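The values are calculated or read from the model by the stated rules, or taken from the named source; none is laboratory data. Keep in mind the model is a prediction, meaning the values are calculated, not measured. Backbone-built Cβ (ideal geometry, glycine too); neighbour counts: all protein chains shown.
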Amino acid sequence: MLHAGNAVDGTAKKRYPQLGVATRFKRTIRDSLDIFHIMTAPGIDFDQTRFPVAVNSDLSDKRPDIADVLYGIHRCGHDHESELPKGFELTPHGPRTASVHIWRDGKIQLPASVALGLVAVAVFATENKGEVIPGDYRLSWYQHVFQISGWWGWQDHFREIISVAQFSQVTLDFTESWESWTPL
């Protein structure tokens, strides 16, 4: 997560050099939410889902979206070499479907694939065309394999490839958790 977060931050700094760190990081994720979504958890509608966890949100209703959560918990925690707050964790890769859980005390468990989603946001970003990385690193999506060294900046082409995907997306419903949630 540390390196994935740094990759998004480096991309965000190129895209929005005039903005502060948090704003540009979140905006870059939101700009590429379709890419993040397809690589992280295709069944979750990250556009509409809001998370009742204790992080700052710059959205008008102050209800955190995935960009707020990734910045507030994972980017800040990993970047400052701190432990994540107790209860905030990534679940390991496995044969089960990528899912999200929020516990009664407002802690969130995300699939480890969020790191892949963040890497994909950085790799396919047009600002990163021409970046260099050893040739054996790759991302994959079903039968498609993307050698990272050749895919830097090819966001539009990647979007063409994933446009054929038809997933049923669910907006996660945390109705009960909102009752005890207060914005920061």
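The figures follow:
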| read-out | value |
| --- | --- |
| GLN147 vs. criteria in contact with a Gly (Cβ under 9 Å, 6 or more places away or on another chain), surrounded by 10 or more Cβ atoms within 10 Å (Cβ to Cβ), closer than 17 Å to ASP34 by Cβ and at pLDDT 85 or above | no |
| Among residues of segment 16-39, those that are over 11 Å from the mean Cα position of the chain (by Cα) and outside any helix (DSSP H, G or I), counted | 5 |
| Selection status of SER140, assigned to a loop (DSSP other than H, G, I, E, B), among the hydroxyl-bearing types (Ser, Thr, Tyr), out of contact with any Pro (no Cβ under 8 Å at 6 or more places or on another chain) and over 23 Å from ARG27 (Cα atoms) | no |
| Pairs where the first residue, in segment 37-52, is crowded, with 18+ Cβ neighbours inside 10 Å and the second is basic (Lys, Arg) and assigned to a loop (DSSP other than H, G, I, E, B), C-beta under 9 Å, 6+ apart | ARG50/ARG63; PHE51/ARG63; PRO52/ARG63 |
